[in-house]
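Working notes, structure below.
The values are calculated or read from the model by the stated rules, or taken from the named source; none is laboratory data. As the structure is a prediction and not an experimental result, all values here were calculated from the model. For neighbour counting, all protein chains shown are included, and Cβ atoms are generated from backbone atoms with ideal geometry for every residue, glycine included. In case anyone asks, the SASA skips ligands and DNA or RNA and just uses the protein heavy atoms, side chains included. Shrake-Rupley method; radii C 1.70, N 1.55, O 1.52, S 1.80 Å.
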Amino acid sequence: MDIAFAARFLGALFAIMNPFINLPFFLAMTTDRTVAEQRSLALQVVTYTAVMCVAISLAGNLILGFFGVSVNAFRVAGGLVLFGIAFSMLNGHPITAHERGDHEKKADPGPTAEEDSMAFYPLTFPLIVGPGTIATLIIYMAQARGAGDYAAFAVILAVLIATLFVVLYFASAIGKLLSARMRVIMTRLMGMILAAIAVSMVIGGLKVLLPGLG
């Protein structure tokens, strides 16, 4: 096993999927839910995350190629979505990106459908498994050489997903340690950080798609 490969992959993936960075987003989007609902949502988010990460790792390039979409185009689109969420957080507005339209609510008004929708979009995608995560998984899977590297890849991914589950599952307990003022400050701060990440994603994607901008 290439230790340098494992260290680089761990650092890159943790920076993007950092459970502690995603915690304020999860708390902000589930502030009106019970502890049981938050934990159910956490389980769904982690399940979706695990399935997507495995699928992307094994067939990421094929999936994007099938739809004729490049990683950089995906990065721009994901960045715009994240910026919309960040703007709501910065201005103290309800985060409604996950809500269904009126026609969807009429077609399926059940709470389970709302929860399923929110668990996948935007909590799993694009907040946790966004263009950055997708690009990282695809790039490092392509760089893996031999059984040792593949094993390190799988172990690191599993550890990060397990950490994400623990942090989100106990989000309500962690949230109680934060005062209302601290949660507001954290939400605003995370909104600014998310906005910066979103802008960086959009600019990075555009520089590749439109080389003349660089």
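Here are some notes:
- The residue list A12, A86, A4 contains one member that is modelled with pLDDT under 90, small (G, A, S) and more than 19 Å from the chain's Cα centre (by Cα), which is A4.
- Candidates L168, L194: the one that is at pLDDT 90 or above, in contact with a helix residue (DSSP H, G or I) (Cβ under 8 Å, 6 or more places away or on another chain) and open to solvent by less than 80 Å² (accessible area, probe 1.4 Å) is L168.
- Selection count, the range 143-170, where residues are in a helix (DSSP H, G or I), of a type in the set (A, V, I, L, M, F, W, C) and in contact (Cβ under 8 Å) with a residue 40 or more places away in the chain: 12
- The helices (runs of 4 or more DSSP H) found entirely in the range 1-86 include none that carry 3 or more residues being at negative phi and touching a Gly at 6+ places or on another chain (Cβ under 6 Å).
- Boolean, A135 is more than 17 Å from M29 (Cβ to Cβ) and either part of a helix (DSSP H, G or I) or open to solvent by 10 Å² or more (accessible area, probe 1.4 Å) (or both): yes
- Number of residues in the range 153-165 that are under 13 Å from L13 (Cα atoms) and open to solvent by 40 Å² or more (accessible area, probe 1.4 Å): the value is 5.
- Residue match in the range 15-22 (condition: surrounded by fewer than 17 Cβ atoms within 10 Å (Cβ to Cβ), over 19 Å from F170 (Cβ atoms) and not hydroxyl-bearing (S, T, Y)): yes
- Members of the range 48-68 that are at pLDDT 90 or above and open to solvent by 70 Å² or more (accessible area, probe 1.4 Å): Y48, V51, V54, L58
- Pick from the range 171-183, criterion over 16 Å from N22 (Cβ atoms) and open to solvent by 70 Å² or more (accessible area, probe 1.4 Å), ranking: modelled with the lowest pLDDT: A180
- Yes/no for P109 being modelled with pLDDT under 90 and open to solvent by less than 20 Å² (accessible area, probe 1.4 Å): no
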